[in-house]
1. Per residue Cα convex hull volume for the chain, in cubic angstrom?
2. With just the Cα atoms defining each centre, how far is segment 135-176 from segment 345-381? Give it in Å.
3. Order these peptides, 194-200, 370-376, by their mean beta-carbon neighbour count within 10 angstrom, highest first.
4. Mean Kyte-Doolittle of at least 0.5 plus a Cα span of 20 Å or more along the axis: flag which DSSP H helices in the chain meet both, please.
5. Placing +1 at every Lys and Arg Cβ and -1 at every Asp and Glu Cβ, with all other atoms neutral, what dipole size does the chain have around its Cα centre, in debye to the nearest 20?
6. Can you pull the Kirkwood radius for segment 237-278, inverse mean 1/r over Cα pairs, to one decimal in Å?
7. Under 28 Å from the Cα of LYS261, which lysines turn up, not counting those fewer than eight places away in the same chain?
8. Taking only the alpha-carbon positions of segment 190-250 and ignoring solvent, what does the Debye formula give for the base-10 log of I(q)/I(0) at q = 0.15, 0.23 Å⁻¹?
Amino acid sequence: MTDHAAAATRPADSLPRTLLTGAQMLFVAFGALVLVPLLTGLDPSVALFTAGIGTLIFHGVTRASVPVFLASSFAFIAPIQGSVASFGISATLGGLLAAGLLYVAIAQFVRLKGTAWLHRLLPPVVVGPVIMVIGLALAPVAVDMATGETSDHIGYGRAILLSMASLLVTLVLAVFGRGLLRLVPIMGGIVSGYALALIMGVVDFTPVHDAAWLSLPNFTAPSFHWAAILFMIPVAIAPAVEHIGDMIAIGSVTRRNYLDKPGLHRTLLGDGLATSAAALFGGPPNTTYSEVTGAVTLTRAFNPKFMIVAACLAVALAFIAKLGALLQTIPGPVMGGIMTLLFGSIAVVGMNTLVRAGHSLTAPRNLVVVSLILVFGIGGMQFGGGQFTLQGVSLAALVGIVLNWVLPGSEEDTPPAHA
């Protein structure tokens, strides 16, 4: 462990290498970081700012001991889109702030009671299908964007060409890419689609010409409405559970147990405070980033200082207004092509959660829980009305938790023993 610790701290001896490695980490996260605000109607410059601030908050809470970068959470894309359509951006931000506070509450329970209660409340038979609902509930939105339904000046033919070209490049990089290329398939797809859009002449540069070089990001204050809060809070359940996996993953790379030191309660608290802080400024929720974990694995850059450098660079870039305006010129079909893969991959993560658990899904109890979560979440079921409407992911999560709590277990629920 002594040799490992020395290897982990050696890169910090060189200031240029620290700056370069930090910039590389931001580059790896950049494509996915700005994708969330572009898909949800939030401001990319604000997302850069809040990713930087959120990462700094996380490292303050965890005492700069975990090499992670926090940025826009994919799990919230579909819920944010649905909430913005129903309640508006300001009320959605209020719901996201409340979701961050749920993280904080979970962190305190973990500190006092450990993690066993969390696994009992949210077993794979609940978490898996809820994640699937998150990915599939708004799949039609991805298809509408990919086919040009949401673009006034791009017809079906051009839209399909743009979206499928972007999707194809993303697939090729994700499956066949090597080295750093494999870590940036989303950015590769967006850049390729954007280049094709330039050739086709469907990119409008007016916002870039009108934007100043330097200006404050378009910060938006949250407002609080019960319907938006009830809609958004359950969405935080899946990323909170996934956070444990992220900490184990990065720990396996660096050969350290972050669940013990700094402790899961501290890393969850860092995520929660970062998410609430992002909502205060008008940014998407923050969470630990798998792309950056992959980059850490490849580059062996274990020093958390690299992430602090990346965070400071993100905050600085947020004030370059022309960059934010340029990002907003990316045509909708380009993003739609990426979304078709992205939403499907989130659903696959949910399926994988169920598969890894090894439970029999044909056991009556599990069949009931999974079936009702999927149909209620994707089918449009809703209870209540006005400010207290339960629907979508929030209804699916609540139904799953209640059914898992009240239905008796059976022998078929236990995973099969392996020889």
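1. Values: hull volume 65.9 nm³, N = 419.
Considering the Cα atoms of the chain, their hull volume per residue is 157 Å³.
2. Between the Cα centres of segment 135-176 and segment 345-381 lies a distance of 27 Å.
3. Details: 194-200: 15.6, 370-376: 19.9.
Ranked from most to least packed, the peptides come out as 370-376, 194-200.
4. 15-40, 44-61, 89-113, 156-176, 185-200, 237-254, 264-281, 332-357, 364-379, 392-406
5. Numbers: 18 positive and 16 negative charges, 221 e Å.
Taking the Cα centre of the chain as origin, the dipole is about 1060 debye.
6. Working: mean 1/r = 0.0947 Å⁻¹.
Evaluated over segment 237-278, this radius sits at 10.6 Å.
7. Of all the lysines, those that pass the test against LYS261 - Cα under 28 Å, at least 8 places apart if same chain - are LYS113, LYS305.
8. -0.91, -0.91
The values are calculated or read from the model by the stated rules, or taken from the named source; none is laboratory data. Note that the structure is a prediction, hence the values are computed from the model and not measured. Cβ: placed from backbone, ideal geometry, glycine included. Neighbour counts: every protein chain shown. When the accessible area is computed, the model is the full protein with side chains, heavy atoms only, and any ligands, DNA or RNA have been set aside. Shrake-Rupley method; radii C 1.70, N 1.55, O 1.52, S 1.80 Å.
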